[in-house]
Amino acid sequence: MMAIMNTIIIEDEILLAKELKDLIQEIEPEIHILEVLPSVKTANKWLMSHAEPDLIFADIQLNDGVSFEIFERYSLSCPIIFTTAYDEYALRAFKVNGIDYLLKPIDKLELQRAIEKSKEIYKSKDSHAPDMSKLFEMLSGSRQNQTDSKKNLL
């Protein structure tokens, strides 16, 4: 069982957002959808006042702009799965942490593959996270060795 991945969906079409949310939950119940954000403006506000999610699903063409405006404003390190009806943005998507580019209507198998890819990235980030208690132990041990060395010199 994997750790819960917190995610947001940036999608201005309410029905498509609900379908995507339902599909995600069906494929991977360990993904916790924090919020569905319907615009560039609401996504900017949300990102300003919340911790970065573990994963983002984003449409590109929104009512008040394109989602790239969000990703150019914030330097996010989380993976982004783009869900869009337009194929002309694919290259640009991979320049802003895009790990997959799914064309609407979303194919369940393609979504499943994209989620698997994001889970691998999430696991690898988690396994590279430093164990702070070990780090403190090493540092305090290092200080003790320095103190002992100084005593031996005197």
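The values are calculated or read from the model by the stated rules, or taken from the named source; none is laboratory data. Just so it is clear, the model here is predicted, and its values are computed rather than measured. Here the Cβ positions follow ideal geometry from the backbone for every residue, glycine too, while neighbour counts run over all protein chains shown.
Look at the stretch 85-107: where a residue is surrounded by 14 or more Cβ atoms within 10 Å (Cβ to Cβ) and a partner is in a loop (DSSP other than H, G, I, E, B) and not aliphatic (A, V, I, L, M), sitting 6+ places away or on another chain with Cβ atoms under 6 Å, you get Asn97/Pro79; Ile99/Pro79. Among the residues making up the stretch 30-63, those that are over 19 Å from Gln112 (Cα atoms) and of a type in the set (A, V, I, L, M) are Leu34, Val36, Leu37, Val40, Ala43, Leu47, Met48, Ala51, Ile60, Leu62.
Summed over the stretch 94-150, residues that are modelled with pLDDT of 55 or more, charged (D, E, K, R) and part of a helix (DSSP H, G or I) total 11. Restrict the check to the stretch 87-94 and report whether at least one residue is within 16 Å of the chain's Cα centre (by Cα) and within 22 Å of Lys18 (Cα to Cα). No - not one qualifying residue is present in the stretch 87-94. Between residues in the stretch 33-48 that are farther than 17 Å from Ile81 by Cα and residues that are outside any strand (DSSP E or B) and of a type in the set (Val, Ile, Thr), which pairs lie under 9 Å by C-beta distance while being six or more apart or on different chains? Going by the 9 Å Cβ cut-off, the qualifying pairs are Asn44/Ile70.
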